[in-house]
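What follows is one structure encoded as structure tokens, with my remarks underneath.
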């Protein structure tokens with residue numbers, strides 16, 4: 001199949017019915033890290049805080065990833081590179097043990113920050129997408145939205 005893909009304009013003699021453009025959102029790099037997450041600040045709920053204050057020991061049971069926020073910015077002096085700041089929000093469930101009573105379930109939030117630098121586009125292009133209006137919606141509205149994303153690239157000489 002790769003021998004049938006030819007650069008340039010599509011002609012009937014090439015036996016190709018249609019040319020397709022794939023938009024990669026201009027980030028060409030990737031990273032795959034395994035981070036050991038430890039010594040993070042735990043933000044308990046008000047009820048959980050009362051149990052922790054009277055506890056002899058506390059034990060974590062589970063962690064659930066709630067949300068990841070991302071922020072992308074250009075690296076100032078390295079054209080084509082971008083910093084991606086990631087903030088992970090985890091719901092932590094655990095147990096607080098007191099001397100006089102049984103173990104009580106505690107719940108809280110943990111936040112983990114990570115920064116990566118990835119290679120992106122070197123071209124001078126302005127990009128406009130149709131999904132910019134989605135930024136103000138809540139999670140339930142986003143799940144209901146099934147519209148495709150339209151992307152316009154404009155080359156700037």
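Only the coordinates and a few stated rules stand behind these numbers; no lab work does. If you're wondering where the values come from, they're calculated on a predicted model, not measured in any experiment. Methodologically, a virtual Cβ is constructed for each residue, glycine included, from the backbone with ideal geometry; neighbour enumeration extends over all protein chains shown.
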### Task
Provide the gained length on full extension for the span residue 57 to residue 91, in nm with one decimal, where the gain is 0.36 nm per separating residue minus the Cα-Cα distance.
10.3 nm
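Using 1/(1 + (r/R0)^6) with R0 = 25 angstrom and r between the beta carbons of residue 40 and residue 81, what's the FRET efficiency to the nearest 0.05?
0.35
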### Query
Going by how many other beta carbons lie within 10 Å of each one, how would you line up 52, 117, fewest first?
117, 52
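Apply 1/(1 + (r/R0)^6) to the Cβ-Cβ distance of residue 64 and residue 101, taking R0 = 30 Å, and write down the FRET efficiency to the nearest 0.05.
Working: r = 26 Å, r/R0 = 0.86.
After rounding to 0.05, the efficiency reads 0.70.
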